[in-house]
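The values are calculated or read from the model by the stated rules, or taken from the named source; none is laboratory data. The model shown is predicted, which means the values in this text are computed figures rather than measured ones. Cβ sites come from the backbone with ideal geometry, for glycine too, and all protein chains shown count toward neighbours.
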Amino acid sequence: MTVESQALTPVALPARTIHPPTTISEAARAALAAGAALPEVTRPAADDIEGWRRALAASEALWEPVAARMLAECRCKVDTRTLGRTTVYVCTPAGLEAPSRDRAYLYAHGGAFVFGGGRFAAATGAVEADRLGVTTFSVDYRMPPEHPFPAAPEDGLAVYRELLRTYDARRIAIGGSSAGGNLAAAITLMIRDRGLPLPGAVVLLTPEVDLTEAGDTFRTNELLDVTLKRGLPECNALYAAGRDLRDPYLSPLFADLARGFPPTLIQSGTRDLFLSNSVQFHRKLRRAGVAAELHVWEAMPHGGFGFGADPQAVPENAEIGAEVRRFIDRCC
């Protein structure tokens, strides 16, 4: 008798209250408590286009002051350019050190494939440039509902082609957070499959690399993750626009990584809804013989402790930047 034909006994958990643990910094505990007080986000159905447009407008209004504060506090210079017909925010660190002057970081912002563009893409790119000390090209890629897949990874690929005019591929890192982590991996697969030279490194911060959301922590960390309380099936369906979610360019977890992939750093946390994504992608890279690191932080939810917060204000957030910077220094 196969496992599939047996009646599998689930684990039944009693109701319980889980406090921020004492094993993390006071600032991280405060961020967990603040996130726990926030309500769940409701999302439109995938076919409710007008509903998505309203949700996008509301999100932009909500996050505009946060983006403005982040940009006001950044130390880097931020310029808006067009590369490969795509808007890119070029974030150049102040006092750029010699080893990093010929490096580039192609960065894809998060936001569930739908949100986070415009000023917020500029702000998150500026944060990355400040903490990594690398010129960061934050791609303001096209998004649904007007521009579903494959617009976003194609935009990233177009920017990469332009960067190759100036930078050695081995001195380019590609990275992103959440949906941006998905795109960083998908763009890298497109680079490989179209015969372009691979980048020197890939950085996947709590990446959404499996749009089927089949992983264990989509159940075990549901609601425990105070940032992303539940999965994103509506966003994923809107982005995929009817395509098979197991397409490797949609869900890089299903790609043939044995055909080649750059050294990769993956970051997650024990309370991250996407922890299973990170664990599974890391194991698949290792099985394919790819140099890969997995860094998991104690009690950290999706996106770190306090999204949009000063990375230096929470020690654990600062540690992420330090690990990524060391990784890029070593690989690029």
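A few points about this structure:
- Counting only helices (runs of 4 or more DSSP H) that fall entirely inside region 179-281 and contain at least 1 residues that are in contact with a Phe, Trp or Tyr (Cβ under 6 Å, 6 or more places away or on another chain) and within 17 Å of Pro148 (Cα to Cα), the qualifying elements are 179-193, 233-240.
- Every residue from region 1-42 that is at pLDDT 90 or above and farther than 30 Å from Glu316 by Cα: Leu8, Thr9, Pro10, Val11, Ala12, Pro14
- Filtered residues of region 90-116 (kept if over 17 Å from the mean Cα position of the chain (by Cα) and of a type outside the set (A, V, I, L, M, F, W, C)): Thr92, Pro93, Gly95, Glu97, Pro99, Ser100, Arg101, Asp102, Arg103
- Pick from region 241-282, criterion closer than 30 Å to Arg29 by Cα and among the charged types (D, E, K, R), ranking: surrounded by the most Cβ atoms within 10 Å (Cβ to Cβ): Asp272
- Residue among Arg54, Arg85 that is over 13 Å from Thr124 (Cα atoms) and free of Cβ contacts under 8 Å to residues at least 40 places away in the same chain: Arg54
- Selection count where residues are in a helix (DSSP H, G or I) and either at pLDDT below 95 or farther than 24 Å from His282 by Cα (or both), scope region 148-159: 5
- Looking only at region 60-100, residues that are modelled with pLDDT under 95 and of a type in the set (Val, Ile, Thr) come to 1 in all.
- Residue pairs whose Cβ atoms lie under 9 Å apart, sitting 6 or more positions apart in sequence or on different chains, and linking a residue in region 174-199 that is more than 17 Å from Leu265 (Cβ to Cβ) to a partner that is crowded, with 24+ Cβ neighbours inside 10 Å and acidic (Asp, Glu), are Ala179/Glu208.
- Options Thr220, Thr227, Thr188, Thr206: the member that is among the hydroxyl-bearing types (Ser, Thr, Tyr) and surrounded by fewer than 17 Cβ atoms within 10 Å (Cβ to Cβ): Thr220
- For region 117-147, filtering for residues that are part of a loop (DSSP other than H, G, I, E, B) and of a type outside the set (S, T, N, Q) leaves 12.
- Verdict on Arg165 being free of Cβ contacts under 8 Å to residues at least 24 places away in the same chain, in a helix (DSSP H, G or I) and either surrounded by fewer than 24 Cβ atoms within 10 Å (Cβ to Cβ) or among the β-branched types (Val, Ile, Thr) (or both): no
- Among the residues listed as Phe327, Phe305, the single one being surrounded by fewer than 23 Cβ atoms within 10 Å (Cβ to Cβ) and either of a type in the set (A, V, I, L, M, F, W, C) or not in a loop (DSSP other than H, G, I, E, B) (or both): Phe327
- Residues that are farther than 18 Å from Leu224 by Cα and out of contact with any His (no Cβ under 8 Å at 6 or more places or on another chain) within region 294-308 comprise His295, Gly308, listed in sequence order.
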